[in-house]
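Trainee: Let me begin by handing over the structure; questions about it come next.
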Amino acid sequence: MPTIGRILLVEDDPRDVELTMTALEDYNLSNEVVVAVDGEEALDYLFCRGKFQRRTSENPAVLLLDLKLPKVDGLEVLQQIKSDEKLRMIPVVVLTSSREERDMIASYKLGVNAYVVKPVDFHEFVNAIKELGVFWAIINEAPPGSIKKK
């Protein structure tokens with residue numbers, strides 16, 4: 001069985017968190033998901049600050065990042081990740097309802113690995129999350145040293 005990496009889900013909408021977890025459960029990936037409900041909490045997790053100061057320092061295998069977040073927006077989170085030597089190799093998938101071209105361009109300029117617009121339809125959303133989870137947490141080869149092998 002392949003190594004499964006931890007997923008950091010940064011999402012403020014509880015319904016989208018629930019849908020994402022449901023989708024990932026089908027592939028037994030939900031137990032490796034850490035949820036941050038705003039950009040500040042995501043940065044605290046990544047930089048091992050606040051309530052996350054005692055967590056293991058290994059990076060997540062992938063970060064699923066909403067753009068429209070309270071406290072610190074997704075583009076700012078992405079900018080901080082990609083400008084940090086220890087975090088820049090984490091694959092980041094923007095998972096957003098925004099179809100705004102400026103958000104997409106800004107995300108790619110900052111170094112996002114993929115930009116996915118959340119489908120409105122429940123089944124399409126679940127299927128999109130399943131495919132993302134399987135690809136980024138199981139199929140994709142993470143950069144050396146980013147996650148510990150089990």
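No lab work stands behind these numbers, since they all come straight from the coordinates. No experiment lies behind these values; they were computed from the predicted model shown. Virtual Cβ from ideal backbone geometry, glycine too; neighbours counted across all protein chains shown.
Trainee: Pairs of Cα atoms under 8 Å, at least six residues apart: use those to get the relative contact order of the stretch 10-99, whole percent.
Mentor: Details: 105 pairs, mean separation 25.6, N = 90.
Relative CO of the stretch 10-99 lands at 28 percent.
Trainee: Right, here's the next one. Enumerate the residues in the stretch 17-40 having an amide nitrogen under 18 Å from the point lying 7 Å beyond the Cα of THR56 toward its Cβ.
Mentor: Hits in the stretch 17-40 for THR56 at 18 Å: 29-35.
Trainee: Expressed in nm to one decimal, what extension gain is obtained for the pair LYS109 and MET89 from 0.36 nm per residue of sequence separation less their Cα-Cα distance?
Mentor: Details: separation 20, 0.36 × 20 = 7.20 nm, distance 1.51 nm.
Taking LYS109 through MET89 to full extension adds about 5.7 nm, to one decimal.
Trainee: Taking H as built 1.01 Å from N, whose amide H comes closer than 5 Å to the amide H of ALA36, not counting residues under 5 places away?
Mentor: LEU9, VAL10, GLU11
Trainee: Ordered by packing density, taken as the mean number of other Cβ atoms within 10 Å over each peptide's residues, highest first, how do 13-24, 65-76 rank? The partial results should precede the final answer.
Mentor: On the way: 13-24: 16.8, 65-76: 19.8.
The peptides rank, most packed first, as 65-76, 13-24.
Trainee: Over the stretch 42-125, with a single point scatterer placed on each C-alpha, what log10 of the ratio I(q)/I(0) does the Debye formula yield at q = 0.17, 0.18, 0.22, 0.24 1/Å?
Mentor: -0.70, -0.77, -1.06, -1.19
Trainee: Here's another thing I want to ask about it. Assuming R0 = 25 Å, what is the FRET efficiency of GLU124 and ASP73, from their Cβ-Cβ distance, to the nearest 0.05?
Mentor: Details: r = 25 Å, r/R0 = 1.01.
The calculated FRET efficiency here is 0.50.
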